[in-house]
Amino acid sequence: MALDEVRQALLDVFCHCYGLLLEHLDHLDGAVCAHRGWDCYRLMRECVDKAAYHLGSTLPERADCQALCADFLRRIRGQMDACLPSSSPTFDVFDACGDAMHAVSIDSPVDLGDWQQTGERLSRGCYCRQLPSDAPALCLLVERVDLSPSHISKPCALRQKAQACGRITYGFAANCFTFPDYINLPFFFLHEYLSHLHSAPMFAEHCGRQDHPFTEGWMLWYARLAYWRALFAEPHPALCHPLHRDHYVAWYLQSELDEVSRPMIYKGYECARQFANLVGEPRFERVTLLIASTPYDVFTPLAPDLHGEFVQRVQHWLRRVATLSPQEREDRFATLDALLDVPDSVRSLMEWLVS
């Protein structure tokens, strides 16, 4: 389902303005830091995001991108007027950013395909550490991202594994497409490919579970690790301003991972984090890719959900290993390294976790 003209125009304007705000974010930070308790992130939160909420809450009558852009800038400036003293150097920097917004044409309709391709390439790079580049999961046909109206702004991937194709739909909520939502687009697409499109068949997809500890928890930690690598260790050319992108991914994860409201996702994420910290990131990645590229029903009926059973066994394993001496742990890690190279490594790994 495509967006109507007005919502499409709003998305176009938001992406246009957010992209240029990101380019000016360091300058804005330098200016607004003159005021105690302020930095660029607070400025985005209290002025830009609030202006976006008010602009999107009442849909305009006409899909005029230039008029909407001017309206958005006025609303941001109004929020700034209410928060900062009139002598603030932040206004001059913001005015320069506004001039740049007016000087550059607005892409309409905006194409999220570039961020989708970035997420796909990052995920492919991860799986190619375990699989050949022509593996069936990596040859999946996924069309350009679809846009649809929604009450929240986030992507959702659907993989039709039997037909070797998949689809990503991005739900656009006009009143809550914030600056962080835009900045985190490549991370969101990376997670969709890692967890749903390039992975083997998952129990969560088979049973329609939205809170699976491996698919949405463990793999979210792996996406965080892979994204950090693309920002800093092996910088991806499309991911400019890595410090700001890292900040907003951390903010997103902090807001999403709630132990009370989303206990299963929190459990999987924390389990992955603790396992990675204990065995080291290279081993963690090998184990994760091995499990993620194995179908959920490989041990049915003994273990109908391989991925859920894996998280459960790792959780118990972490408790047991906590009481071991450093040398005993190293011995276990050496065994893990060896079994990852045997022919039936998945079965060996699952047995090792309970040995």
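The values are calculated or read from the model by the stated rules, or taken from the named source; none is laboratory data. Predicted model, so just to flag it, every value in this text is computed and none were measured. Counting neighbours? That spans all protein chains shown, and the Cβs are built from the backbone with ideal geometry, glycine included.
Taking P304 as meeting all but one of (1) more than 30 Å from F179 (Cβ to Cβ); (2) at pLDDT 95 or above, write down the number of the exception.
Here P304 meets the rest and fails (2).
Looking only at segment 141-163, decide whether some residue is surrounded by fewer than 16 Cβ atoms within 10 Å (Cβ to Cβ), touching a residue at least 60 places away in the same chain (Cβ under 8 Å) and more than 18 Å from the chain's Cα centre (by Cα).
yes
So which residues in segment 299-334 are of a type in the set (S, T, N, Q) and loosely packed, with under 13 Cβ neighbours inside 10 Å? Steps first, answer last, please.
Applying the first criterion (of a type in the set (S, T, N, Q)) to segment 299-334 yields 300, 312, 315, 323, 325, 327.
T300, T323, S325, Q327, listed by residue number.
Test A70 against the criterion of being surrounded by fewer than 20 Cβ atoms within 10 Å (Cβ to Cβ) and out of contact with any Cys (no Cβ under 6 Å at 6 or more places or on another chain), and give yes or no. If you could, list the steps in order and put the result at the bottom.
Numbers: surrounded by fewer than 20 Cβ atoms within 10 Å (Cβ to Cβ): yes; out of contact with any Cys (no Cβ under 6 Å at 6 or more places or on another chain): yes.
Yes: the conditions hold for A70.
Name the pairs whose Cβ atoms lie under 8 Å apart, with the first residue in segment 192-209 and under 12 Å from I291 (Cα atoms), the second of a type in the set (V, I, T) and crowded, with 18+ Cβ neighbours inside 10 Å, and 6 or more positions between them or separate chains?
S195/T215; S199/T215; A200/T294; M202/T215
Every residue in segment 1-60 that is part of a loop (DSSP other than H, G, I, E, B) and without any contact (Cβ under 8 Å) to a residue 60 or more places away in the chain, please. Walk me through it before giving the result.
Here is the first cut: in segment 1-60, the residues part of a loop (DSSP other than H, G, I, E, B) are 1-4, 24, 33-39, 58-60.
Of everything in segment 1-60, those that are part of a loop (DSSP other than H, G, I, E, B) and without any contact (Cβ under 8 Å) to a residue 60 or more places away in the chain turn out to be C33, A34, H35, R36, G37, W38, D39, T58, P60.
Only one of these conditions is not met by L225: (1) surrounded by fewer than 22 Cβ atoms within 10 Å (Cβ to Cβ); (2) closer than 24 Å to Q274 by Cα; (3) without any contact (Cβ under 8 Å) to a residue 40 or more places away in the chain. Which number is it?
Unmet for L225, out of (1) surrounded by fewer than 22 Cβ atoms within 10 Å (Cβ to Cβ); (2) closer than 24 Å to Q274 by Cα; (3) without any contact (Cβ under 8 Å) to a residue 40 or more places away in the chain: (3).
Output the number of the condition that T294 fails; it satisfies all remaining conditions of (1) assigned to a loop (DSSP other than H, G, I, E, B); (2) modelled with pLDDT of 95 or more; (3) under 21 Å from the mean Cα position of the chain (by Cα).
Answer for T294: the failing condition is (3).
From L324, L318, which residue is more than 19 Å from Y127 (Cβ to Cβ), in a helix (DSSP H, G or I) and of a type in the set (A, V, I, L, M)? Give the steps one after another, and end with the answer.
Values: L324 fails: in a helix (DSSP H, G or I).
Criteria check complete, one pass: L318.
Out of the residues in segment 30-60 meeting the condition of being in contact with a helix residue (DSSP H, G or I) (Cβ under 8 Å, 6 or more places away or on another chain), within 16 Å of L11 (Cα to Cα) and not small (G, A, S), tell me which one is surrounded by the most Cβ atoms within 10 Å (Cβ to Cβ).
V48
Examine segment 47-69 for a residue that is under 28 Å from the mean Cα position of the chain (by Cα), modelled with pLDDT of 95 or more, more than 30 Å from L190 (Cβ to Cβ) and among the hydrophobic types (A, V, I, L, M, F, W, C), and state whether such a residue exists.
No, there is no match, as no residue in segment 47-69 is under 28 Å from the mean Cα position of the chain (by Cα), modelled with pLDDT of 95 or more, more than 30 Å from L190 (Cβ to Cβ) and among the hydrophobic types (A, V, I, L, M, F, W, C).
Residues that are more than 23 Å from R7 (Cβ to Cβ), at pLDDT 95 or above and not aromatic (F, W, Y): list the helices (runs of 4 or more DSSP H) wholly contained in segment 89-197 that include at least 3 such residues.
Qualifying helices (runs of 4 or more DSSP H): 90-103, 113-127.
Give me the residue from segment 85-107 that is touching a residue at least 24 places away in the same chain (Cβ under 8 Å) and surrounded by fewer than 17 Cβ atoms within 10 Å (Cβ to Cβ) and, out of that set, farthest from Y193 (Cα to Cα). Don't jump to the end; show me each part of the working.
Step one: list which residues in segment 85-107 are touching a residue at least 24 places away in the same chain (Cβ under 8 Å), which gives 85, 88-90, 92-94, 96-98, 100-102, 104, 106-107.
Filter once more, so that each one left must be surrounded by fewer than 17 Cβ atoms within 10 Å (Cβ to Cβ): 85, 89, 92, 96, 100, 102, 104, 107.
Working: P85: 45, P89: 42, D92: 41, A96: 38, A100: 34, H102: 35, V104: 32, D107: 26 Å.
The extreme case among them is P85.
Does E330 satisfy the condition of being outside any loop (DSSP other than H, G, I, E, B) and under 19 Å from H191 (Cβ atoms)?
On the way: outside any loop (DSSP other than H, G, I, E, B): yes; under 19 Å from H191 (Cβ atoms): no.
Judged against the criteria, E330 is not a match.
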